[in-house]
Each structure stands twice: as structure tokens, then as C-alpha cells.
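Engineer: Have a look at this one before I ask anything.
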């Protein structure tokens, strides 16, 4: 039986508006930091990495395959969140074989190599971000510094990050992204059904508010574009074409005074989800210190 290509964005109802975008040459370090990182406002930065060698080379069949020397797991479904143990236990293939499979797959096939650390042989083809000052590009607290998502028709399920800033860098292929931030008032109406995967059910409409009042900020990432994703912004991602694609997720540390508030429903959800009392208390203390820092240095 042929598997259906799953798209996730439109499974969550809402009013779609255009996500803000700016050309790479029109934004500098200070504006990006002040208006977006400190304000926790997402933005698409167009043509941000078109000078990277990867932008020119990685689409050439055989190029990456010749530089690949490791084993990876290959999924034949969309990127669920959380990934779960099942993804770690996928059969392993040579990375060169896996990439060749994705390049040559049919337009209705779904494949994903998820969260791949950048092979050392590929790093020379990557560059830096003009809009992010090196002094502020600090190692993340929780997430890996860099992760590659190599895919064909593989969407990424709705989810949010609890800490660390993310630059989603589109190197090959096109992607459609949708984002929203939930308030205390609408957390239960949307977060609970999404976490329960009710949006994947045929009768999903009855699990969400009838007025679909949620505002979803959406954009299409072209090769060379970068999307800035702040913590606590829910986001879902669908391929906008059926071809071979590569996305790089680059993470850097959230400024301490911009860590979440204990009144934020997403923070409360993270604390409840901690596996032990000690971890929950540590999370509370960490967020409380961030709140105190905001008082001293708003």
C-alpha cells in the first residue's frame, strides 16, 4: 500500500497572515537583536546564505554522497514530535546510500534523515549569518548547535522550543512554514488537541474552537532564506515541493533576561512534563532567575 504524504500546517485551523520578511542586506546586527531576539518576534530573512558554497554545491547529485562516511537512520514518514524511541531504532544505512535514495525517490515518496549532526567533510561549505554578531552567537543551553534535516516530502509536526533561539536555514528545496504563539486563554483549546494528535483525525474540526480565531503567521522559504524562530512559538513545516531538500537548524543561546515566565502556559507545561521533582524544581529556579533579570535589566 502506498503511504499518503502527510502535510501538517492546515490540520490546525486558524486565520493565516503573512509572516514578516526582510532582505538580508536590509537588516544589521543590532536591528535583528533588538527587534526580533529581544522582542521574541519571528522573521524571514531573504537571501541570507546565498553566498554559502552549500547553496551552490549540495544540490549536485553525487557531491554530498562522495563526502559521506557514516551510518544514519532513514524514516519513511513525516517528522513527528517528539521523535520517540522508534526513530532512534530505525535500520541504519550508509549516508551516501541514504542521500542517493532520497534524490532518486518518486514524487509521492516520503523519506527523512532527521537531526543529523553536520558531517565534518561538509562543514567547509557552510558560512556565518551576516545579521547575527559572533559575540551573540553563543552555544545553546539545551539543543544541539547545528542539525541537518534531509528529506523528501517529510513535514515537521507542530511543536515549540522551550529555550534557545533557532535559525532555520533553507539550503535545498522550498518549505512552507506556519507559526503562532498561544496565550493563557487559548492554550487549552489548541495545545491539548495538538499534543494529543487530534488534528490528525478525520473529525479534527470538532476538537478546535469553531471560530478558528487563532492567527497563524505563514511564509514560504526559498533556497537561501533563513527563518528566525523564538522559543515558545509553535511552528509546523511542510515541503512546498516534492523534491530532495536540506534544511539546517542553527541554535544559539537565549538571552538570560528573555527566558520564559512562570505565568506562561508553555513554561508550566514544561515544568509538569519534567521526569523528576529535582528537574522540575531546577526548571522553576532557572525561569525565576530569568524573570528577576528582566526586572533588573528589562
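The values are calculated or read from the model by the stated rules, or taken from the named source; none is laboratory data. The structure presented is a predicted model; accordingly, all values stated were derived computationally and were not measured. Cβ coordinates were reconstructed from backbone atoms using ideal geometry, including for glycine residues, and neighbour counts include every protein chain displayed.
Engineer: Return the residues of the stretch 187-212 that are assigned to a loop (DSSP other than H, G, I, E, B) and either surrounded by 12 or more Cβ atoms within 10 Å (Cβ to Cβ) or touching a strand residue (DSSP E or B) at 6+ places or on another chain (Cβ under 6 Å) (or both); say none if nothing qualifies.
Structural biologist: 197, 201, 208, 209, 212, listed by residue number.
Engineer: Just to be sure before I move on: is residue 142 at pLDDT below 95, in a loop (DSSP other than H, G, I, E, B) and either over 15 Å from the mean Cα position of the chain (by Cα) or on the phi < 0 side of the Ramachandran plot (or both) in the structure I sent?
Structural biologist: Against the criterion (at pLDDT below 95, in a loop (DSSP other than H, G, I, E, B) and either over 15 Å from the mean Cα position of the chain (by Cα) or on the phi < 0 side of the Ramachandran plot (or both)), residue 142 qualifies.
Engineer: Give me a count of the residues in the stretch 183-196 that are under 20 Å from residue 156 (Cβ atoms) and touching a helix residue (DSSP H, G or I) at 6+ places or on another chain (Cβ under 6 Å).
Structural biologist: 1
Engineer: In this structure, does residue 174 turn out to be in contact (Cβ under 8 Å) with a residue 12 or more places away in the chain, in the same structural domain as residue 23 (by TED's automatic domain parsing) and more than 20 Å from residue 39 (Cα to Cα)?
Structural biologist: yes
Engineer: Count, please, the residues in the stretch 29-63 that happen to be touching a helix residue (DSSP H, G or I) at 6+ places or on another chain (Cβ under 7 Å) and either farther than 27 Å from residue 104 by Cβ or part of a helix (DSSP H, G or I) (or both).
Structural biologist: Adding up the residues that qualify gives 13.
Engineer: Here's another thing I want to ask about it. Name every residue in the stretch 104-139 that is more than 30 Å from residue 76 (Cβ to Cβ) and either outside any helix (DSSP H, G or I) or without any contact (Cβ under 8 Å) to a residue 12 or more places away in the chain (or both), in order of residue number.
Structural biologist: Once the filter is applied, which keeps residues that are more than 30 Å from residue 76 (Cβ to Cβ) and either outside any helix (DSSP H, G or I) or without any contact (Cβ under 8 Å) to a residue 12 or more places away in the chain (or both), the stretch 104-139 yields 127, 128, 129, 130, 131, 132, 133, 134, 135, 137, 138, 139.
Engineer: Also: Which of the residues belonging to the stretch 234-259 are surrounded by fewer than 22 Cβ atoms within 10 Å (Cβ to Cβ) and either assigned to a helix (DSSP H, G or I) or at pLDDT below 95 (or both)?
Structural biologist: Listed by number, the residues that qualify are 253, 255, 256, 257, 258, 259.
Engineer: Which of the numbered conditions does residue 147 fail, given that it passes all the others? Conditions: (1) touching a helix residue (DSSP H, G or I) at 6+ places or on another chain (Cβ under 9 Å); (2) within 25 Å of residue 72 (Cβ to Cβ); (3) surrounded by fewer than 21 Cβ atoms within 10 Å (Cβ to Cβ).
Structural biologist: Failing condition for residue 147: (1).
Engineer: Answer yes or no: is there a residue in the stretch 64-71 that is farther than 17 Å from residue 171 by Cβ and in a helix (DSSP H, G or I).
Structural biologist: Yes, the stretch 64-71 has at least one match.
Engineer: Another one. Residues in the stretch 125-141: is at least one buried (at least 21 other Cβ atoms within 10 Å of the Cβ) and farther than 24 Å from residue 22 by Cβ?
Structural biologist: Looking for residues that are buried (at least 21 other Cβ atoms within 10 Å of the Cβ) and farther than 24 Å from residue 22 by Cβ, one finds none in the stretch 125-141, hence no.
Engineer: Would you say residue 115 is at positive phi and surrounded by 14 or more Cβ atoms within 10 Å (Cβ to Cβ)?
Structural biologist: Yes; evaluated as a whole, the condition is true for this residue.
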